Amino acid sequence: MTRTVTVEELARALDARAWGDLSLPVSGAAEPGSAAADQIALAMAPKYAEALKPGAIAILAEGMDPAEYGLAAAIFAPRPRLVMAGLTRAFDPGPAIAPGTHASAVIDPSAQVGEGAAIGPLVVIGPGAVIGPRARIAAHASIGAGARIGADALILDGARLCHGITAGDRLIVQPGAVIGGDGFSFVTPEESGVEEMRRNLGERDQIRQQKWNRIHSLGGVELGDDVEIGANATIDRGTVRATRIGSGTKVDSLVQIGHNVIVGQDCLLCGLVGIAGSSRIGDRVVLAGQVGVSDNIEIGDDVIAGGATKIYSRVPAGRVVLGNPAVKMETQMEIQKSMRRLPRIAATVAELQKIVTKLMDKG
């Protein structure tokens, strides 16, 4: 369903300054070259504004002149990406989950569903589960026995929230995510090859047949308020204590968080991040795409790890790291510069070898 607001209403919602005819209707946003008459064009830099059509409505950066582009109305963005957050929120209709409970949903009689919740087709809610008020649960999602979900949750299609997990308010779970599957934890009757390798730093005394015995996951998963979990992400339950994700943390699609991991508040874990069991991640940590964290590692507050970084040892608070293995970003940049020089250095050494060889032959 399309939502329409006036330029004035939109500017007020964005807490931004407006210019021109503030009564014009706006039903959505678009790029400058393709914006319709009732859409607001995103032109927050002069290079984008060149494509604006006369009479258009646009979001501009402070300092840009709307009259110069022949606009009918404009909203000024002191911080463009923050305005983008408010703008997209204003026009997002959300998933089409009808109010009430769909006839095909299966809800155990002992489960508690809060007032104003919307439960979609083929949803399954297990015994003793508690669903907070105004929660929206889309088709084919399942909530396990004893799980507790706070107010205003949005659980999208096919998400799996397993037994005994707890989550705070305003949880968002994208399609296909699994929260609370068992941890990947096994042990051999005698010292395993992996344990031997760690003890001897790669040396093997002998290789023998071994069988893996499963360590069951008795802990749960605890999620704070305002946590978001991306599509097909997985968070393993703890072995004895819970795996924990702090309030405000955002987890991207295809992220894997192992058993017993603790992630702090307001972290950003981007696509394909993998965090092995029992690691501890501080507050406001950003792990870019494909970052890997070894098991039992501690990462301090405010750490930023660049894409594809592999972290095998402790990272102190506030550090920016990059590479495999992770080092300070400036160190990694110097390493990369040195590597680019290697072919030239090799060619120089080869020429010097020729000269030395000729001199030795003459001598």
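Quick look at the values:
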read-out: Projected label distance in nm at ARG214 and LEU201, using a 7 Å step from Cα toward the beta-carbon; value: 3.8 nm
read-out: Length gained when the stretch ALA37-GLU334 is fully extended (0.36 nm per residue, less Cα-Cα span); value: 101.8 nm
read-out: Nitroxide proxy distance, nm - points 7 Å out along Cα→Cβ at ASP92 and VAL240; value: 4.0 nm
read-out: Anisotropy class of the range 188-316 from Cα gyration tensor, a/c 1.5 cut; value: prolate
read-out: Antiparallel DSSP beta bridges within the chain, percent to nearest 5; value: 10 percent
read-out: Fraction of beta bridges assigned by DSSP in the range 1-72 that are antiparallel (%, nearest 5); value: 25 percent
read-out: Sparse-neighbourhood loop sites, trypsin sites (Lys or Arg not before Pro) in the range 169-243 - DSSP loop, at most 15 other Cβ within 10 angstrom; value: ARG204, ARG208, LYS211, ARG241
read-out: Student exercise, the chain dipole from Lys, Arg, Asp, Glu Cβ charges, in Debye to nearest 20; value: 1280 debye
read-out: Net charge of neighbours whose Cβ lies under 15 Å from the Cβ of ILE245, counting Lys and Arg as +1 and Asp and Glu as -1; value: -1
read-out: Per DSSP, loop trypsin sites (Lys or Arg not before Pro) in the range 312-363 with at most 14 further Cβ within 10 Å; value: ARG314
read-out: Two-site FRET efficiency, ASP108 against VAL194, from Cβ-Cβ distance with R₀ of 30 Å, rounded to 0.05; value: 0.15
read-out: GNM result for the chain, Cα springs below 10 Å: residue of ALA77, ALA233, ALA135 fluctuating most strongly; value: ALA77
read-out: The chain, accessible surface, carbon-and-sulfur percent (1.4 angstrom probe); value: 55 percent
read-out: Gained length - ALA308 relative to GLU62, 0.36 nm times residue gap less alpha-carbon distance; value: 85.0 nm
read-out: Straight-distance crosslink candidates among aspartates and glutamates, where the alpha carbon sits under 14 Å from LYS47 and sequence neighbours closer than 8 are dropped; value: GLU31, ASP65, GLU68
read-out: Mean accessible surface per residue for the chain, computed with a 1.4 Å probe while every protein chain stays in place, in Å²; value: 54 Å²
read-out: Cα shape, the chain, gyration tensor, a/c 1.5 rule; value: oblate
read-out: Most fluctuating residue given options GLY132, GLY144, GLY318, as computed from a GNM of the chain linking Cα atoms under 10 Å; value: GLY318
read-out: Ellipsoid equivalent to the range 177-220 - semi-axes via the Cα gyration tensor, in Å; value: 28, 12, 8
read-out: Under 5 Å, built H, 5+ apart or other chain: amide partners of GLN112; value: ALA129, VAL130, ILE131
read-out: Part-to-part distance (alpha-carbon centres) for the range 280-338 and the range 90-129, which is given in Å; value: 40 Å
read-out: Sequence of PHE76, PHE91, PHE184 when ordered by accessible area, the most exposed leading, probe 1.4 angstrom; value: PHE184, PHE91, PHE76
read-out: Top positive-direction residue, dipole computed over the chain with Cβ charges, set SER247, GLY180, VAL113; value: GLY180
read-out: Gyration tensor verdict on the range 266-335 (Cα atoms; rounded if a/c is under 1.5, prolate if a/b is larger than b/c, oblate otherwise); value: rounded
read-out: For the range 179-191, Karplus couplings with θ = phi - 60° (6.51, -1.76, 1.60), whole Hz, Gly/Pro x; value: 10, x, x, 5, x, 8, 9, 9, 9, 9, x, 10, 4
read-out: Loop-resident sites, the range 1-40, for trypsin sites (Lys or Arg not before Pro), counting at most 15 other Cβ within 10 Å (DSSP); value: ARG3, ARG17
read-out: Furthest towards positive pole of dipole, PRO189, GLY219, GLY238, structure part the range 151-281, Cβ charges; value: PRO189
read-out: Neighbour net charge for VAL178 - beta-carbon separation under 12 angstrom, K R +1, D E -1; value: 0
read-out: Estimated FRET transfer efficiency (LEU82, ARG344; beta-carbon r; R0 56 Å; 0.05); value: 0.80
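The values are calculated or read from the model by the stated rules, or taken from the named source; none is laboratory data. For clarity, every value in this text was computed on a predicted model and none was experimentally measured. Note that each Cβ is placed from the backbone with ideal geometry, even for glycine, and that neighbours are counted across all protein chains shown. Remember, those area values only see protein heavy atoms, side chains included, never the ligands or the DNA or RNA. Shrake-Rupley method; radii C 1.70, N 1.55, O 1.52, S 1.80 Å.
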